[in-house]
Amino acid sequence: MTPTVRTRVAIVGAGPAGLLLSHLLDAAGIPSVVIDQRSRDEIESTIRAGILEQGTVELLDTLGDASRVRTVGHRHDGIELRFAGEGHRIDFADAVGRAVWLYPQHEVLKDLIAARLAAGQDLRFGVTADSVVDAETDRPRVIARDADGQPFEIEAEFVVGSDGSRSVARAAVTGSSTGGYFREYPFAWFGILCEAPPSSDELIYSNSPDGFALISQRSATVQRMYFQCDPETDTAAYSEAQLWDELQKRVPGTTLTQGPIFQRDVLRFRSFVAHQLLRGRVALVGDAAHTVPPTGAKGMNLAVADVRLLAEALRALLLEGDDRALLTYPERALRRIWKAQHFSWWMTSLLHVAPDATDFDRRRQLGELRSVVESEHGRAYLAEAYTGWPLGA
């Protein structure tokens, strides 16, 4: 017989969404089992971007001393939009009284994993979920294999798919692993990590005739930078000198601090929203439910917003037998998801040069950029969306 693990909530995926959900459920006295096919080392060492909205940081504060975002992360009170050779600062504090924190996702994951293990969380690495079944019963199950390839099942009162853009759980909710609204963009980001001090105190989003560039940071000694490229670009196609030339010509007026490049990758631009977020007693959160282009820094923050809503709904369902918040979870989550999809699309369209752009398109784009930076209300809209709408709104 196949061994069965029983719990109240089974969470597929130990990313920020799954781990934060297990933390919030535990705070309410609801046990869970979290599984992920990756090893702990793989999860903690995969370097990813991390701009955290203020609401995300405030929710991570509930981890107590386990969260290092306010001590190791860097608070940013603005960004710079650069175009036509000039920089224009969007002052978040002045516009909306909010901020963001630069704190990479893998550091968030280190904090969450350490906190959950210290709390006694049943967290299983190297476990592969093959499917989620019986979604419309009161005992949905995860069919899985352990690190040795041995089959077992997790039987729960509720299953949450937080297993990323290639979600296994999605099929149990939408009927298909690809069931959703999808858009692919005709460009990508060529990203580098380099050993160098920061080129700027705040992020620079640069629109240039040669294409977009983003000048970001990771730490006092490691920097992250991107430039717009064709999605089929080979990461080996550029020498190190060519990469620096490409980046520098896209941020005229700012002299980049150069250093050895130790990582390079190409990040494709895709938008996705699942057709459904809930079926019976299985729900989707995070990248299993939606993905956005990175331009608006919404990916992990959207996952956190999903989790806050679903945790509230599961507390009502499992502790009080009240399913009203659960039934409205998709509608409430989708309001923010589509706002974030629009903002991400808008920022992407505002800053990138489309492959088929005409002179008219280019001049119209510059007019739009000036409309934003020269308007109090334009700056406030960008600041409000970038720093994040209040959680639950």
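What to note about this one:
- Compared with the dominant Cα axis of the chain, that is its longest principal axis, helix 329-351 is turned about 20°.
- Our summary gives the chain a relative contact order of 20 percent, counting only alpha carbon pairs under 8 angstrom and 6 or more residues apart.
- Within the straight-line cut-off of under 25 Å between alpha carbons, the lysines reachable from LYS110 are LYS298, sequence neighbours fewer than 8 places apart in one chain being disregarded.
- Whole-Å semi-axes of the ellipsoid equivalent to the range 85-163 (Cα gyration tensor, √5λ, descending): 40, 17, 14
- Recomputing Kirkwood radius over Cα pairs in Å from the coordinates shown identifies the correct label among (1) 23.9; (2) 21.9; (3) 21.0 as (2).
- Highest mobility in the GNM of the chain, judged by mean-square fluctuation with C-alpha springs under 10 Å and restricted to ALA129, ALA169, ALA316, is found for ALA316.
- Among THR178, THR56, THR295, residue whose mean-square fluctuation peaks in a GNM of the chain (springs only between Cα atoms under 10 Å): THR178
- Percent of Cα pairs exceeding the 15 Å cut-off, where the set is the range 155-204: 70
- A simple packing score, the average count of other Cβ atoms within 10 Å per residue, orders the peptides 352-358, 12-18, 140-146 as 12-18, 140-146, 352-358, with the highest score first.
- For the pair GLU384 and ASP130, a Förster radius of 56 Å applied to the C-beta separation gives a FRET efficiency near 0.85, rounded to the nearest 0.05.
- The long axis of helix 376-387 is offset from the longest Cα principal axis of the chain by roughly 40 degrees.
- Surface exposure of the range 133-284, expressed per residue as accessible area with a 1.4 Å probe, stands at 43 Å².
- Relative contact order [Cα under 8 Å, 6+ residues apart], the range 1-116, whole percent: 30
- Radius of gyration, Dmax [the range 50-133; alpha carbons; angstrom]: 17.7, 56
- Modelled FRET efficiency - R0 35 Å, ALA27 with GLU331, Cβ distances, 0.05 increments: 0.90
- The calculated 222 nm mean residue ellipticity attributable to helices in the chain amounts to -10500 deg cm²/dmol, summing -39500 (n - 2.57) over DSSP H runs of n ≥ 4 and dividing by all residues.
- With the simple spin-label model, which puts each label point 7 Å out from Cα in the Cβ direction, the THR257 to THR233 separation comes to 2.4 nm.
- DSSP bridge orientation in the chain - percent antiparallel, rounded to nearest 5: 70
- Candidates ARG68, ARG124, ARG363, ranked by Gaussian network fluctuation over the chain, Cα under 10 Å, top entry: ARG363
- Principal-axis tilt of helix 16-27 within the chain, Cα atoms, nearest 10 degrees: 50
- Solvent-accessible area per residue for the range 39-106 (1.4 angstrom probe, square angstrom): 44
- Where labels lie 7 Å past Cα in the beta-carbon direction, separation of ARG8 and HIS342 in nm: 3.7
- Cα centroid separation - the range 232-282 against the range 109-159, whole Å: 32
The values are calculated or read from the model by the stated rules, or taken from the named source; none is laboratory data. Just so you know, these numbers come straight off a predicted model, no measurement behind them. Positions of Cβ are generated from backbone atoms using ideal geometry, with glycine treated the same way; all protein chains shown enter the neighbour counts. Just the protein is used for accessible areas: all its heavy atoms, side chains included, with ligands, DNA and RNA removed. Shrake-Rupley method; radii C 1.70, N 1.55, O 1.52, S 1.80 Å.
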